[in-house]
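One structure is given below, encoded as structure tokens.
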Amino acid sequence: TVVTGKKEGVYWLRAYCADTNYSDTVDVDVHFLESGPYYFKNRESNKYMSVQEHSQADGAQIVQESFKGEIWQEFYLERDFTTGYIRIKNRNSNKYLGVENNSSAHDTDIKQYAYSKNSAGQQFKIERISGGETIKIIPRTGEGLSPQRVVCVANYVINSDGVHIQQRDFGANDGYYRDEWYIVKLNQNDEVIKNIQKLHNAAKEYSPLDEWRAIELTLQFIRRYRYNDFKFELAAGTIDEAFIEHVRETDENLYEYFAAYDDEQTKQRLPFYYTAPNGDEIDIPHFAAVYNVLQYNSFGLVDMGIAEVRVDHLGGWAGDLRSMIPYVLCNVNYSNDYNTVYNEAKKQIGADESISLFGIQDILADTDAFNMYIATQLQTVDSIGAIFIDYYHLGGYLTRFSDFTSHRTYDEIYNFSVEITNNIIIGTVWPIKKVVKSGSGYTKTDETLTVTDTQMNAICAAFADYIWAKVQSE
């Protein structure tokens, strides 16, 4: 019988067998980690523990590497309940992390080896670091020393892939974080993160000299079915069909993962959701389209007189807000009463997408794409999957709306929404068209809808109130 501890700590366990009259009580130390597989992300370098050149050989060096979404960066934990030590096994090689020659010395390399029962260098303790979300990994060969020695990224001049992982002195509260690790376990829903990263890997192979182009290709690939009309060509670039074909030829499974629909019409309308660990559902093609617009220099629309900043926001929340306007006004029979329009807009903003053109799924895609795009501006992005992990697994989403608003005040949010959505040039290039009710749905028309200042102000106020309430709740 396997007994699984549900709560961290030391508990007693009593075993009794009536046939033999056996009875015993033992203490069981329930660890905070399960078996895995896990990724280990270094706190200072922001790179991941990996096996050099994804080798399966005995003695292969353990290094740091950009997140790849591949199994040579995944590790299982095996606990010896008689000693309390943990063995760390690479998923790709089935070999175990170990301190070279079982040495206790500072700056000793960590490598992978076949299982050895009595090897102290293959035995580790994993402990939380007080006051934070990181852990330290302590080899048995280094635990009794002063200072204690831990698994650490070696000193580097350039924070590059391939820097060795070593056993080094632990420095508590010294502002030096190469000896601290985040530990991340991805579940079945997170396969989308791995596959987005694999798509990014393919884009970097296709366009090795231009990191921004690789991100652009990745986003285009994901949005191509639902967000590919003329306006998106201007705002986010033309789909590179040669790259699409490159993915099909080099990784058919990856290609099919993002194209697993029955027909072209289904591809154009079917959402593709990622369910985050906290239960949020993110529409991935919508997310990719917004991110792509933010990242792309929209020369065509700028030439028409629309500033890049306006294009960027129109590709996300402002575009969704404007798209909602004709439905709101149709529902209130084009009333010019502020409260009537406000209440109808408020009812739709953030509702389920089945009843709203600006539902919660749209808002999450808009906010998260913006926040992750900004994150790429603040750090070198060699791994789009790592941005997803930071955001959804390491707490980035906790300040989603504060970050999305760039910490503006309520008045600034309201004024900004009016400024972006109610613009003469935008109204000329991208006019709002009337809709008419048709049974339980709506039919679009070619008739331009004139929106009064009262109506626009009411709709923007409903949006600002929704966003501000979310900011306040953070």
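The values are calculated or read from the model by the stated rules, or taken from the named source; none is laboratory data. Please read all numbers here as calculations on a predicted model, not as lab measurements. We place every Cβ from the backbone using ideal geometry, glycine too, and count neighbours over all the protein chains shown. Areas reflect the complete protein model, heavy atoms only, side chains present, ligands, DNA and RNA absent. Shrake-Rupley method; radii C 1.70, N 1.55, O 1.52, S 1.80 Å.
Some values worked out for this structure:
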read-out: ARG168, sole failed condition from (1) modelled with pLDDT of 95 or more; (2) farther than 27 Å from SER298 by Cα; (3) part of a helix (DSSP H, G or I); value: (3)
read-out: Some residue of segment 133-147 being within 25 Å of the chain's Cα centre (by Cα) and in a loop (DSSP other than H, G, I, E, B); value: yes
read-out: Neighbours by Cβ (under 6 Å, 6+ apart or cross-chain): first from segment 373-400, at pLDDT below 90; second outside any helix (DSSP H, G or I); value: ASP382/SER66
read-out: So ARG213, is it free of Cβ contacts under 8 Å to residues at least 24 places away in the same chain and either buried (at least 18 other Cβ atoms within 10 Å of the Cβ) or assigned to a helix (DSSP H, G or I) (or both); value: yes
read-out: Checking VAL30 against (1) open to solvent by 50 Å² or more (accessible area, probe 1.4 Å); (2) modelled with pLDDT under 95, the condition it does not meet; value: (1)
read-out: Enumerated strands (runs of 3 or more DSSP E) restricted to segment 18-123, each holding at least 2 residues that are closer than 21 Å to GLN197 by Cα and either touching a helix residue (DSSP H, G or I) at 6+ places or on another chain (Cβ under 7 Å) or of a type outside the set (A, V, I, L, M, F, W, C) (or both); value: 39-42, 48-51, 62-65
read-out: Spans of helices (runs of 4 or more DSSP H) in segment 380-469 with at least 3 residues open to solvent by 30 Å² or more (accessible area, probe 1.4 Å); value: 410-421, 424-429
read-out: Test result for TYR274, open to solvent by less than 10 Å² (accessible area, probe 1.4 Å), under 12 Å from LEU219 (Cβ atoms) and in contact (Cβ under 8 Å) with a residue 40 or more places away in the chain; value: no
read-out: Qualifying residue in segment 256-266 (condition: modelled with pLDDT of 90 or more, open to solvent by 20 Å² or more (accessible area, probe 1.4 Å) and charged (D, E, K, R)); value: yes
read-out: Extreme residue, most open to solvent (accessible area, probe 1.4 Å), among residues of segment 110-119 that are of a type outside the set (Val, Ile, Thr) and under 33 Å from the mean Cα position of the chain (by Cα); value: TYR113
read-out: Residues of segment 90-109 classified as under 19 Å from GLY142 (Cα atoms) and either surrounded by fewer than 19 Cβ atoms within 10 Å (Cβ to Cβ) or under 29 Å from the mean Cα position of the chain (by Cα) (or both), total; value: 11
read-out: Breaking point among (1) open to solvent by less than 50 Å² (accessible area, probe 1.4 Å); (2) of a type in the set (A, V, I, L, M, F, W, C); (3) in contact with a Ser or Thr (Cβ under 7 Å, 6 or more places away or on another chain), for MET49; value: (3)
read-out: Cross-chain or 6+ apart pairs with Cβ under 6 Å, segment 223-251 first and of a type in the set (Ser, Thr, Tyr), then buried (at least 21 other Cβ atoms within 10 Å of the Cβ) and part of a helix (DSSP H, G or I); value: TYR227/ALA289
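A quick yes/no check of all residues on (1) touching a Lys or Arg at 6+ places or on another chain (Cβ under 8 Å); (2) polar (S, T, N, Q):
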position: ILE215; (1), (2): no, no
position: ASN228; (1), (2): no, yes
position: LYS231; (1), (2): no, no
position: GLU241; (1), (2): no, no
position: ILE244; (1), (2): yes, no
position: GLU249; (1), (2): no, no
position: GLU252; (1), (2): no, no
